[in-house]
Amino acid sequence: MDIYDKLTLLYSAKEISLRIAEMGKELSKNFDNKEPIFIGVLNGSFIFLADLIRTVSIDCNIEFIQLKSYEGMVSSGKVEVIKMISSNLNNRHVVIVEDIIETGNTLKFLYDKITQSFPKSITTVTLLKKNMKNQLNFDIDLIGFEIPQDFVVGYGLDYNQKYRNLDGIYHLSNNNNA
Ligand code: 5GP
Ligand code: MG
């Protein structure tokens, strides 16, 4: 059976790019003359951040942090830093750019970590948010799409490091008969 038999399209490349253009416009308006620093969370958000910043029309900086919290299709619950950022965040406007929020564990960990650097502000942006209760004691500022709890891949998101290259977002079924 072809692997693509297990994938069901949720958002096409076109739908994603239209939504991202709106998000970039909003960020450009909110951070005009503030030179925010966008921090992409690797690996999942590399495509989203790359597309998002090209819709942003103001001066901004880019950084990446690499975290690990997932094994296969389940969140492991603990978050590790694999690669730290090098910029000084003190007194800066920080925009965290995530691919997807599920339990909120990863974002909460990162938010707390960045808070320790005394930034001027922290804004949280995610392309996808699963429609479920999360651990966050703050609101996510900008959400691309709210989705059901199913596992998704594509547009940077993987299943065991595969499918990141798909230009749309797909639901991945773990049932061979699905
Ligand atoms: P959380 O910590 O919010 O539970 O999960 C966040 C991280 O888990 C995301 O940054 C992403 O790496 C991974 N994740 C959560 N749900 C999914 C999903 O449906 N598909 C993929 N590929 N990764 C997910
Ligand atoms: Mg992520």
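None of the figures in this text is laboratory data; all of them are computed from the coordinates on show. Everything quoted here is computed from the prediction, not taken from an experiment. Reconstructed Cβ throughout: ideal geometry from the backbone, glycine too, with neighbour counts over all protein chains shown.
Annotations
- Gaussian network model of the chain, springs between alpha carbon atoms under 10 Å - residue of Lys78, Lys108, Lys129 with greatest fluctuation: Lys78
- Relative contact order for the chain: 25 percent, from Cα pairs under 8 Å spaced at least 6 residues apart, divided by residue count.
- DSSP bridge analysis restricted to the chain gives an antiparallel fraction near 35%, rounded to the nearest 5.
- By the helix-only formula, in which each DSSP H run with n ≥ 4 contributes -39500 (n - 2.57) and the sum is divided by residues, the chain has a 222 nm mean residue ellipticity of -6500 deg cm²/dmol.
- When the Cα gyration tensor is reduced to axis lengths a ≥ b ≥ c, the ratio a/c is 1.5 or higher for the range 14-147, and with a/b not above b/c it is classed as oblate.
- Cross-link pairs beyond the 27 Å C-alpha cut-off, checked among Lys6/Lys130; Lys25/Lys130; Lys25/Lys129; Lys14/Lys120; Lys34/Lys130; Lys68/Lys162: Lys14/Lys120; Lys34/Lys130
- Modelled FRET efficiency - R0 30 Å, Asp112 with Ala13, Cβ distances, 0.05 increments: 0.30
- Proximal aspartates and glutamates to Lys29, defined as alpha-carbon separation beneath 17 angstrom and excluding residues fewer than eight positions away on the same chain: Asp59, Asp141
- Formal net charge of residues neighbouring Leu128 (Cβ-Cβ distance under 13 Å; K, R +1; D, E -1): -3
- Gain on full stretching of the segment that runs from Asn61 to Thr103 - 0.36 nm per residue minus C-alpha separation: 12.3 nm
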